[in-house]
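Here's the structure we're looking at; comments come further down.
The values are calculated or read from the model by the stated rules, or taken from the named source; none is laboratory data. Model, not experiment: these values are computed from the prediction. Note: ideal-geometry Cβ built from the backbone for every residue, glycine included; neighbour counts use all protein chains shown.
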Amino acid sequence: MGRKLTFSIVTLGCKVNQYDSWQMARQLESMGLKRVPFGEPADIVIVNSCAVTHVAEAKSRKMLSRARRVSPKGFVVFTGCTAEHLLQRGLKLGHADLILGNKEKDQLAERVGELLLERNLFGSCPEESKPHLRNFQGGHGEVHERVRAFLKVQEGCDKFCSFCIVPFTRGEPRSKPLPQVLDEAKELVYEFGFPEIVLTGVCLTLWGRDFGLTLADLLRELHEIEGLRRIRLSSLDPCDIDGELIRTCAELPKVCHHFHISLQSGDDEILKAMGRNYNRKQFREIVESLRNAIPDAAFTTDIMVGFPGETETHFENTLQFVREIGFMRLHVFKYSPRPNTKAAELPNPVSPEVADERAHRLIELGKELWCEFANQFLNTHQSVLIERLSEAEGNGEGGFVASGLTSNYLKVNFRVPQTFPLGTILDVKVVGINREKGEVLGKLG
């Protein structure tokens, strides 16, 4: 037996990219290649890039340089949104042997196989270890988390917010057909054993629009899959959350009570400049409707600071609105001018120092709001899905420490006297809060 060809993948950015990386890994594993951790020498190295901010793009390029440095004789593939943006501008990167756009990711195995044959990299492999170049679809790859699988059901966006490059790098909205979604979900549950699926998409709330269905329709179909314990939704656009979706989420026990609704700004003037197509009043009404239907619902969001023209008054409005809504967690990031976007041409840029200071204030507010939310559940019993289990250390109590999430996205740590399979759901009493770590302390039963 000879050495198998190896590959590694590094993924930057969103859950959609994480799903794409998993699918690319499955393609290569189905050819007979062995996956190794990124950072170890490999025959094929894939950098799945992000371009949502200039920081993400710079990190993507840095990972590409690292891939070439670690695997100087390897075959380096650059894909994802930064790669797509380079292709659109007709540019190349010297460290990459192959640049694949987002729409070409499903051709990865075929393209890599052809180029490896051209370079005669299969020549040193014994026949039984050579990749099977005709079998691109089967195999079982790694999923990104042990008990939670991402399932991409939608791609693309046509909203064209003034700051966002994604419509240019991901294309027009398109939905994965319902039968295909159900087949993939059943595979994740029946073959891989995942108790929780996270539905993801570039603009998830647009799923089904291209063939007369809605996200609520999809949730009802997925809910019928036996063995699936939880369905979690990734980011939702407030413009597309309607009464049907709210009712469906409230009625279906498997749908997690956690809603990530992207706000971006809590000031109406800035929202208009961003091209967000909703205002504070509309956003507030959506949250109120969800809370009325699902009282223990947790709300998380994205907030951008330093958008061109954002004054201290605008920012104070955002602070006030974030506090009013009572988000459980905030993802805070600084505005980054992106090529071809309207915001890149706007006057009155905010200095980096001011943007940093505003981001810090929001992050601190987010910690405060998390504590307020978590404290509501002190001395209550919650269902926790075990994600990690390790031997307990210190104080001679023995046993194990388990960690997992509630339906409404609280991370709970608690001791258990014995091991449990990952993915087990246990009844846990909330007994304490750790503000700095953003964790809840629990007690079994």
Practice task
State whether one or more residues within the stretch 331-342 are in contact (Cβ under 8 Å) with a residue 24 or more places away in the chain, under 24 Å from the mean Cα position of the chain (by Cα) and closer than 18 Å to G438 by Cα.
Solution key: yes
Completion exercise
Only unsatisfied item for A58, checking (1) of a type in the set (A, V, I, L, M, F, W, C); (2) part of a loop (DSSP other than H, G, I, E, B); (3) without any contact (Cβ under 8 Å) to a residue 24 or more places away in the chain, is (2)
Exercise for the section: Go through T406, T424, T380 for me and flag whichever is hydroxyl-bearing (S, T, Y) and more than 26 Å from G193 (Cα to Cα). Expected result: T380
Problem - P308 outside any strand (DSSP E or B), under 24 Å from V166 (Cβ atoms) and over 26 Å from the mean Cα position of the chain (by Cα) - result: yes
Fill in the blank from the handout: Flagged pairs (Cβ under 6 angstrom, 6 or more apart or on separate chains; first in the stretch 344-355, among the β-branched types (V, I, T); second assigned to a loop (DSSP other than H, G, I, E, B) and at pLDDT 95 or above) are V350/G306; V350/E310
Completion exercise
Subset of the stretch 306-330, residues basic (K, R) and buried (at least 16 other Cβ atoms within 10 Å of the Cβ), comes to R329
Problem - Selection status of F168, surrounded by 18 or more Cβ atoms within 10 Å (Cβ to Cβ), modelled with pLDDT under 95 and in a loop (DSSP other than H, G, I, E, B) - result: no
Problem - Residue satisfying all of: in the stretch 35-73; over 24 Å from L117 (Cα atoms) and small (G, A, S); surrounded by the fewest Cβ atoms within 10 Å (Cβ to Cβ) among these - result: A58
Practice task
Go through the stretch 210-234 and give me each residue that's more than 18 Å from T406 (Cα to Cα) and polar (S, T, N, Q).
Solution key: T214
Exercise for the section: With respect to A343, determine if the residue is of a type in the set (G, A, S), at pLDDT 95 or above and either crowded, with 19+ Cβ neighbours inside 10 Å or out of contact with any strand residue (DSSP E or B) (no Cβ under 7 Å at 6 or more places or on another chain) (or both). Expected result: yes
